[in-house]
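> Got a structure for you, written out below as structure tokens; questions coming shortly.
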Amino acid sequence: MEIFALLKNFFGYSSFRQNQEEIIRNVMSGHDSLVLMPTGGGKSICYQIPALAMEGTAVIVSPLISLMKDQVETLKSNGIEAAALNSDNSADADTFIRRKCMSGDMKLLYISPEKLLTEIPYLLNRMRISLFAIDEAHCISHWGHDFRPEYTQLGQLREQFPNVPIMALTATADKITRHDIIEQLKLKDAREFISSFDRPNLSLTVKRGFRDAEKMNYILNFIKARPYDAGIIYCLSRKTTEKVARTLRSKGINALPYHAGLTNQERNETQEKFKNDDLLVVCATIAFGMGIDKSNVRWVIHFNMPKSIESFYQEIGRAGRDGAPADTVLFYSIADIIQLTEFAKASGQQDVNMDKLKRMREYAESGVCRRRILLSYFNEQTDHDCGNCDVCQNPPQRFDGTKYVQMALSAMKRTEEQARLSTITEILKGMNSSTVVKKGYNQLKTFGVGRDLSVQDWNDYLLQMMQMGFFEIVYNEGRRTVVTPLGEDVLYGRKQAALCVIDRSVKEEPRRRRQRLTLEIPTITIPGMPPTTGIEDPKLFDALRTLRRQCAEEEGFPPYIVFSDKVLHALATQKPVTAEQFGFIPGVGDHKRQKYGSRFIALIKKFV
């Protein structure tokens, strides 16, 4: 069957997204590929369509059981033969899967890298393999943000199966990581396909210098303004995930933690509840989200700053996979920078990780369009601001902050550049802490010179000063603060310094119910139907969502596997009343039209 017919019949779409057709034709011609496509960009179609079109079985290498399960469930819901070999299976189930693979009746086999290597001499050599797809391929590179040793042996595939095309796929990888992926996998003349990283449906907001209590107040109001929306709160430590979830539950919001310290059963239960819409808020370390394709996550909050732009972009990419608007919020503070710097310096790749952290800081601290910074990082340029980030919507106001900079840098100099940042704040505020008294810093001329400002304001201004390069923290010498040559120019009056005005009015998200989320549904020409108004019926959408949940519960699937929110929005706008019309909705393939069409059409007719 031709690839466009496969796309329509099984997935319900009439056209491919950027690069998908070229990638598919490249692998079907027997060539290797490196596919760089952002989360939600449609990577899986790139190997699923050729798997259906080519003879034999496609072998998909995936790092997580939950990710395999999600993909297999989605494929089966579209009428495609797929299975996963993993430790969750019984011996009988594994035997059944192996037989179907060897007989050629299985189109896609998902497998972990560890399992793959053990199966090469037994199962794989007895199969007709159409292609290998290495998902999350950045895991193979020491330069990547999620290196996994078990991936490093996958270069054996080229040696064992020299004529089978290999496709490496990842959502985020810089130039050095991409080169390393090709080298490690021994790809032959691989074409690189790099799709646009622009996700215009994601709003980008950064909040600077909030204390934990202020973060919680903001998050509480943020969630209450979105009572029906699913979201993820990413935290730097297991302890923080527990604390944030516990605080939210005490305020009446159902939230659960997710981290490596929990049992497998606890993590699996939390993930299943989130996938099935029984749980709307998860407080997690970075491990969460990689294993699911939940399309209706409406927001992502970072309680702490991530270690790199790759990590950040992959995590916010878990919101708005369906193309509908989604919100992202990043909190960051001096404490985050200090902790992440210590992590980077303690790692085996100090220079690389410090550089990645520096770029992450530049994103968080910038006064220019944040989307332009993200796109630039991935070597993509745009000639206009996005209008959907906090910088575009509320450009920062600045004032002459020279005197504050001079106060702070003078305090550093008078301690002979031996004091930590927290001690500098105590000196400026005139606080007789144990360290200040012990060191005699309360005798300095700068002691108390900045007592008119709050501790919080000083922390904010000091963060800005560090961002602007007026001083640096020497992490390998007790985290002492040292004035830079640029800072000396301001300290000694050779240059002035502008600081951003601190706007306390943005400390809380307004307690308001956000307007109902709607999508701009393009007009679809459906035979036998007059042109639609393009206006969604919100009551019909709610009814469709209820029906979708009923179908999902009957089959044991998450609701988004039955139909995405985007399909429901289109149904509530187009209101098809025949099976033929129903099949014209993007995302409704032949299998789902036959399986669900009559029930959904009967419901729609009640509203027409």
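> Tell me the residue from Glu55, Glu73 that is of a type in the set (Asp, Glu), surrounded by fewer than 24 Cβ atoms within 10 Å (Cβ to Cβ) and out of contact with any Gly (no Cβ under 8 Å at 6 or more places or on another chain), please.
Glu73
> When the stretch 70-89 is examined, which residues are found to be without any contact (Cβ under 8 Å) to a residue 40 or more places away in the chain and either in a strand (DSSP E or B) or closer than 19 Å to Tyr560 by Cβ (or both)?
Hits for the stretch 70-89 are Val72, Leu75, Lys76, Ala82, Ala83, Ala84, Leu85.
> What number goes with the only condition from (1) part of a loop (DSSP other than H, G, I, E, B); (2) modelled with pLDDT of 90 or more; (3) in contact with a His (Cβ under 7 Å, 6 or more places away or on another chain) that Glu536 does not pass?
Every listed condition holds for Glu536 apart from (2).
> Let me ask you something else. For Asp198, all conditions in the list (1) of a type outside the set (Ser, Thr, Tyr); (2) surrounded by 22 or more Cβ atoms within 10 Å (Cβ to Cβ); (3) touching a Lys or Arg at 6+ places or on another chain (Cβ under 8 Å) hold save one; what is the number of the exception?
(2)
> Next question. Taking the stretch 387-438 as the search range and keeping residues that are more than 29 Å from Asp489 (Cβ to Cβ) and open to solvent by less than 50 Å² (accessible area, probe 1.4 Å), which one is farthest from the chain's Cα centre (by Cα)?
So, considering only residues that are more than 29 Å from Asp489 (Cβ to Cβ) and open to solvent by less than 50 Å² (accessible area, probe 1.4 Å), the one farthest from the chain's Cα centre (by Cα) is Ser433.
> Still on this structure, I have one more. Are any residues in the stretch 569-592 assigned to a helix (DSSP H, G or I), touching a residue at least 60 places away in the same chain (Cβ under 8 Å) and open to solvent by 50 Å² or more (accessible area, probe 1.4 Å), and if so, which ones?
Asp590, His591, listed by residue number.
> Which ones in the stretch 233-284 are open to solvent by 20 Å² or more (accessible area, probe 1.4 Å), under 30 Å from Val562 (Cβ atoms) and in contact with a Phe, Trp or Tyr (Cβ under 9 Å, 6 or more places away or on another chain)?
Within the stretch 233-284, Leu256, Tyr258, Glu266, Arg267, Asn276, Asp277, Leu280 qualify.
> Turning to a different aspect of this structure: Residue by residue through the stretch 196-233, note down the ones that are in a loop (DSSP other than H, G, I, E, B), in contact with a strand residue (DSSP E or B) (Cβ under 9 Å, 6 or more places away or on another chain) and not charged (D, E, K, R).
The answer is Phe197, Asn201, Gly209, Phe210, Tyr228.
> Here's something else I'd like to know. Can you confirm whether Phe193 is at pLDDT 90 or above, more than 22 Å from Ile24 (Cβ to Cβ), outside any loop (DSSP other than H, G, I, E, B) and open to solvent by less than 60 Å² (accessible area, probe 1.4 Å)?
no
The values are calculated or read from the model by the stated rules, or taken from the named source; none is laboratory data. All of these numbers come straight from a predicted model, not from anything done at the bench. Cβ atoms come from the backbone with ideal geometry, glycine included; neighbour counts cover every protein chain shown. The protein model used for the area step is the full one, side chains on, heavy atoms only, and it has no ligands, DNA or RNA in it. Shrake-Rupley method; radii C 1.70, N 1.55, O 1.52, S 1.80 Å.
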